[in-house]
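Rule-based calculations on the coordinates, nothing more; no lab input. The model shown is predicted, which means the values in this text are computed figures rather than measured ones. Using ideal geometry, Cβ is built from the backbone for each residue, glycine included, and neighbour counts are taken over all protein chains shown.
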Amino acid sequence: KIRQTLQAQLTRLDLVSREEFDVQTQVLLRTREKLALLEQRMSELENRSTEIKKQPDPETLPPTL
């Protein structure tokens, strides 16, 4: 009787199988890796943009002989 009640209660819960859990864990890990790569790429692009802004504009430089 207790076993049947427990099984009935467990079926009402929104549970996932171990296989589904493992698949979603792998998806999450890949997503985190992609996010880390994108954050690194964004940082590199921001640094490059900052360096370009620091360079003088050739059109505003005084003429040289």
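The figures follow:
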read-out: Student exercise, the chain dipole from Lys, Arg, Asp, Glu Cβ charges, in Debye to nearest 20; value: 600
read-out: Simple spin-label estimate for GLN4 and LEU45 in nanometres, 7 Å along Cα-Cβ; value: 6.2
read-out: Dimensionless Rg/Rh of the chain - Kirkwood Rh, Rg from C-alpha atoms; value: 1.62
read-out: Gained length - VAL23 relative to ILE52, 0.36 nm times residue gap less alpha-carbon distance; value: 6.1 nm
